[in-house]
Amino acid sequence: MAGQKVLLLVGATSDIGHAVAMRYAREDWRILLTARDPARAQRNADDLAARTGADVTMFSLDILALDTLATFVDALPVLPDTVVCVVGELGDQTRAQADPEHAGLVMATNYVGPSLLLGILAERFAQRGHGSIAGVSSVAGDRGRSSNYVYGSAKAGFSSFLSGLRNRLARSGVRVVTVKPGFVRTRMTRSMKLPPILTANPSEVAGAIYEATERATADIIYVRRIWRLVMAVICTIPEPVFKRLRL
Amino acid sequence: MRHPVRTLTGWARYPRAESRLVCAETPDRLPELIAGCTDYVARGNGRAYGDAAIGLYQTLAMRGLDRFRTFDPPSGLLTVEAGVLLADILSAFVPRGYFPAVVPGTQYVTVGGMIAADVHGKNHHRDGGMGNQIDSFVLLLPEGIAVRCSREAHPELFAATIGGMGLTGTIVEATLRLRPIESGWIRQSTIAAPDLAGLTAALDESADASYSVAWVDCLSRGAALGRGLVFLGEHASFADTAHLRSLSTKTKAGLAVPLDLPPKSLNRLSIGAFNTLYYNRGASRVGAPRYIPWNRYFFPLDGLRDWNRLYGRRGFVQHQCVIPAADSAAILPEILDRVARLGCASPLAVLKHLGTGNGLLSFPMKGYTLTLDLPATPTVFTVLDAIDRLVAISGGRLYLAKDSRQARETFEAGYSNLNKFRELRRSIGAESRLTSHLSARLGI
């Protein structure tokens with residue numbers, strides 16, 4: 001369809017990614033999906049197409065295979081109008097402390113891969129003169145805490161990368177949005193007890209991303225607004241006090 | 001893997017039973033999941049009223065299988081996983097101009113649950129039940145083999161599973177037929193009937209209507225016994241609704257019951273006042289048809305979230321019987337009189353026409369079906385036992401999706417294909433593996 005907008009959703013197997021793609025598909029966007037394991041993500045792709053009638057295409061992409069990222073972007077049938085990257089890996093903090101390989105995987109999956117891919121797309125968007133980029137980072141990146149600092153530091157890196165990119169491209173017509181979802185009800189967190197007021201549904205996250213990215217309502221979004229306050233408080237605690245807290 | 005023990009109830013919150021909850025997440029992992037299950041049954045959204053979706057030992061939670069698979073616009077054939085909610089189908093397809101051929105009284109049911117109960121809608125007299133709109137489904141037998149069942153392939157499993165209360169296997173996905181609609185609006189006309197004879201006559205005379213349902217005042221007695229309102233509905237055409245927003249019928253979030261009401265909140269006084277107001281309001285609307293959004297016509301109670309809390313913590317029973325047409329003139333007044341004397345039936349009493357059913361254990365049969373909500377108390381149970389005997393004498397039966405208390409004799413008298421169903425369960429190895437509290441209680 002001529003004039004139809006195109007979304008590239010990176011991380012189609014995730015619940016948040018699926019909700020984001022659904023939100024855009026409902027607005028009549030054409031949807032390009034990527035997954036490391038396309039066969040597994042196909043269930044989500046079928047769901048999108050059957051529910052909305054959207055044109056959905058699946059691509060195989062391993063965000064850790066850094067030398068394939070540029071080729072992947074070149075091979076896309078069309079340069080998308082918007083890219084949303086939801087790739088992430090919570091990992092296991094205790095394991096990461098003892099196992100550099102696991103820590104490296106968490107860092108690469110949350111920071112290196114997503115930043116490099118979005119960086120490549122940002123150059124193409126800037127050349128074209130328009131485009132939107134949304135990266136799902138985390139409130140965990142706002143301040144390193146003992147319980148998840150390997151993950152948190154990678155997300156902090158990603159947030160900083162997005163912040164710099166936004167600053168650089170502010171006058172070029174390219175939007176950059178940093179998303180900090182807080183707790184989200186997904187398969188990954190189903191067995192955890194999460195405080196309801198701090199916990200969003202994937203569809204809520206998707207709605208917030210769509211609003212911020214397509215209606216230019218915000219540059220950095222905390223999906224549940226209360227998180228902005230919670231993290232502001234956590235960030236103002238003086239380090240001599242903070243280091244003694246169990247967080 | 002250990003599965004947590006949960007106290008489960010049906011929608012009526014009576015009875016309560018413990019069961020180990022096993023959560024299904026993807027269709028491909030389902031066979032290995034059920035390999036470790038014994039005395040289990042699948043549970044959709046927990047909207048069966050009684051004990052049908054509580055496994056005797058394990059309960060297979062199916063809401064994780066919530067993905068749509070394919071849709072073919074020309075034929076209207078939609079394939080979805082069994083844990084998809086009817087509400088999701090409606091929100092995706094009403095705006096696209098399609099409506100399911102059969103919808104029950106709530107949209108918060110899963111497709112698997114609708115098949116297992118062979119649910120009926122307000123058009124059963126004309127279009128049949130859920131079984132009629134199902135093209136095929138994939139059934140995972142207890143031994144772990146998945147078979148696609150339709151009228152052509154494995155017809156005996158197809159017929160046993162429709163209305164089979166999940167006791168023949170686990171429905172994994174299903175293909176159903178949606179119909180084109182021109183708008184999301186229903187053209188509703190109301191008929192007021194001052195007594196039961198008038199009410200059944202009004203239902204009989206409106207057999208041509210696409211949708212029909214009657215509300216009955218279960219407190220009025222004597223000459224006004226069984227007075228009520230008949231609501232007829234047709235899908236409004238595009239031209240009808242040019243002045244309204246055609247397919248878009250978005251509504252507000254709706255009200256919720258915030259807490260369990262105290263036990264005596266629903267009494268003769270409060271219900272009587274409500275019924276009189278409701279009847280008079282309905283009677284004043286007789287005449288010119290009104291246009292109302294599809295969700296308010298089909299699912300009025302969905303507008304009041306958690307309405308099952310109206311009866312408080314002790315829960316309630318929903319009693320739904322069908323009385324064959326031939327005996328209805330004698331039996332229905334007798335039932336209504338006993339209910340009116342009890343004085344505690346909720347305002348949510350419904351009378352409908354039914355056609356014939358599909359499956360071996362399907363509830364519908366040609367006749368009238370009466371649905372009552374009553375508090376779960378010993379007095380109510382005694383009166384219901386007597387009413388059940390009347391139902392059995394008439395050759396009627398009770399709806400298993402609503403049941404939590406009927407006696408085996410009533411059940412066995414009502415379901416003439418029971419032995420065939422039991423025989424099939426034996427032949428597929430379901431008898432010793434698939435057990436719900438309902439099947440254990442009734443000896444299915």
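Is it the case, given these coordinates, that A:Arg26 is surrounded by fewer than 19 Cβ atoms within 10 Å (Cβ to Cβ) and over 13 Å from the mean Cα position of the chain (by Cα)?
yes
Somewhere in segment B:58-73, is a residue in contact (Cβ under 8 Å) with a residue 12 or more places away in the chain, more than 14 Å from chain A (Cβ to nearest Cβ) and farther than 28 Å from A:Met188 by Cβ? Scanning segment B:58-73, I find no residue that is in contact (Cβ under 8 Å) with a residue 12 or more places away in the chain, more than 14 Å from chain A (Cβ to nearest Cβ) and farther than 28 Å from A:Met188 by Cβ, so the answer is no.
Which of the following residues is within 11 Å of another protein chain (Cβ to nearest Cβ) and at pLDDT 95 or above: B:Phe99, B:Phe93?
B:Phe93
B:Ile186 falls short on exactly one of the conditions (1) assigned to a helix (DSSP H, G or I); (2) among the β-branched types (Val, Ile, Thr); (3) modelled with pLDDT under 95, and that condition is (1).
Could you say whether any residue in segment B:30-37 is in a loop (DSSP other than H, G, I, E, B), closer than 29 Å to B:Arg16 by Cβ and more than 24 Å from the chain's Cα centre (by Cα)? Within segment B:30-37 (the criterion being in a loop (DSSP other than H, G, I, E, B), closer than 29 Å to B:Arg16 by Cβ and more than 24 Å from the chain's Cα centre (by Cα)), the answer is yes, since at least one residue qualifies. Residue pairs whose Cβ atoms lie under 7 Å apart, sitting 6 or more positions apart in sequence or on different chains, and linking a residue in segment B:121-140 that is assigned to a helix (DSSP H, G or I) to a partner that is among the acidic types (Asp, Glu) and open to solvent by 10 Å² or more (accessible area, probe 1.4 Å), do not occur here. For segment A:37-47, a residue qualifies if it is away from chain B (no Cβ under 14 Å) and either among the aromatic types (Phe, Trp, Tyr) or touching a helix residue (DSSP H, G or I) at 6+ places or on another chain (Cβ under 6 Å) (or both), but none of them does.
For B:Gly83, the conditions (1) in a loop (DSSP other than H, G, I, E, B); (2) within 13 Å of chain A (Cβ to nearest Cβ); (3) surrounded by fewer than 21 Cβ atoms within 10 Å (Cβ to Cβ) are fulfilled apart from (3). In segment B:197-218, which residues are surrounded by fewer than 23 Cβ atoms within 10 Å (Cβ to Cβ) and under 21 Å from B:Arg268 (Cβ atoms)? Passing the criteria: only B:Trp215. A:Ala21 meets each of the listed conditions (1) within 14 Å of another protein chain (Cβ to nearest Cβ); (2) in contact with a Phe, Trp or Tyr (Cβ under 6 Å, 6 or more places away or on another chain); (3) open to solvent by less than 20 Å² (accessible area, probe 1.4 Å) apart from (2). Considering only residues in segment A:156-204 that are basic (Lys, Arg) and open to solvent by 60 Å² or more (accessible area, probe 1.4 Å), the one that is farthest from A:Gly119 (Cα to Cα) turns out to be A:Lys193. Only a single criterion out of (1) in contact with a strand residue (DSSP E or B) (Cβ under 8 Å, 6 or more places away or on another chain); (2) closer than 26 Å to B:Gly10 by Cα; (3) open to solvent by 10 Å² or more (accessible area, probe 1.4 Å); (4) among the charged types (D, E, K, R) is not satisfied by B:Asp135, namely (2).
The values are calculated or read from the model by the stated rules, or taken from the named source; none is laboratory data. Quick caveat: nothing in here was measured; it's all calculated off a predicted structure. Neighbour counts are summed over all protein chains in view; Cβ atoms, including those assigned to glycine, are modelled from backbone coordinates with ideal geometry. We work out accessible area using only protein heavy atoms, side chains counted, and drop any ligands, DNA or RNA first. Shrake-Rupley method; radii C 1.70, N 1.55, O 1.52, S 1.80 Å.
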